[in-house]
Amino acid sequence: MWYYFGSLGKYPDVVLPTEITPRTQGVTMTHAFTGTTPAKLEDFTPEIGNALWEAIMAAGGNARDVEKFTANPALIRYFIAKVNPQMVDCDEVPSIPSGLTIAEEKHQIKSRMRGLVNPAEVKFYRDSRQGQTSYLKGTLLKEALEGQPVMPAKLLDWYSANPGEIPESWKGQAVFFWGTIYSDGYGNLCVRYLGWDGGRWDAYYDYLDAAWDAGSPALVSASTSSAAQPG
């Protein structure tokens, strides 16, 4: 299987391949790197890591190019997302609905997920005050979500582009992506969510002065969250 890497115009100082061919499963990394262990190198499967090294060499690169590559977390995330479409880089800027902007950092949830995430490794989180007949104001829910690995809106964009990957069990829920807080022209904060309108999935947003019940869960990482409730 071929992975087409394409042009890396924003990284002109690094020699990289235009395509790589992963080799047999189970191949181990046998090439030495100087200095400390490259950041996030563990995100590469052994066959991809080996193929990357060989492809850079074949493209006219050298060990220095590999060092440049592995020392750049943004470039690593870019590469992994290219060769593994299931991974989503949540450090990329998400889409911004008309009339909104991404709110200042001081309004963002500090524990939000960053870097690469796997859309298959998620689950719902509801605060204990979100019930079938009880509600929690969005401003209070935002405070309660500090410490939870909430998913950014970049993942919402991915689901919107890949609706077939959205679990059927999500229908009937308003699935919120609290990892990106937006603001309107008046400074009012809001957060985007996915909802099923009866015929298709669509993206919406709600203001933090609204009330959240059990049907409005936050999407969080399934591997690092605590006290998450099943969907």
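Of the residues VAL191, VAL220, the single one that is β-branched (Val, Ile, Thr), over 15 Å from the mean Cα position of the chain (by Cα) and at pLDDT 95 or above is VAL191. Answer yes if at least one residue in the stretch 84-104 is out of contact with any Pro (no Cβ under 8 Å at 6 or more places or on another chain), of a type outside the set (Asp, Glu) and at pLDDT below 70, and no otherwise. Within the stretch 84-104, one or more residues are out of contact with any Pro (no Cβ under 8 Å at 6 or more places or on another chain), of a type outside the set (Asp, Glu) and at pLDDT below 70.
Please verify whether the stretch 155-176 includes one or more residues that are buried (at least 19 other Cβ atoms within 10 Å of the Cβ), among the small types (Gly, Ala, Ser) and under 21 Å from the mean Cα position of the chain (by Cα). For the stretch 155-176, residues buried (at least 19 other Cβ atoms within 10 Å of the Cβ), among the small types (Gly, Ala, Ser) and under 21 Å from the mean Cα position of the chain (by Cα): absent. Restricting the first member to the stretch 147-173 and to residues that are assigned to a helix (DSSP H, G or I), and the second to residues that are polar (S, T, N, Q), the beta-carbon pairs closer than 7 Å and six or more apart or on different chains are ALA153/THR180; ASP157/SER95. Exactly one residue out of LYS142, LYS106 is outside any loop (DSSP other than H, G, I, E, B) and in contact (Cβ under 8 Å) with a residue 60 or more places away in the chain: that is LYS142.
The values are calculated or read from the model by the stated rules, or taken from the named source; none is laboratory data. These numbers were taken from a predicted model, which means no experiment stands behind them. Cβ atoms come from the backbone with ideal geometry, glycine included; neighbour counts cover every protein chain shown.
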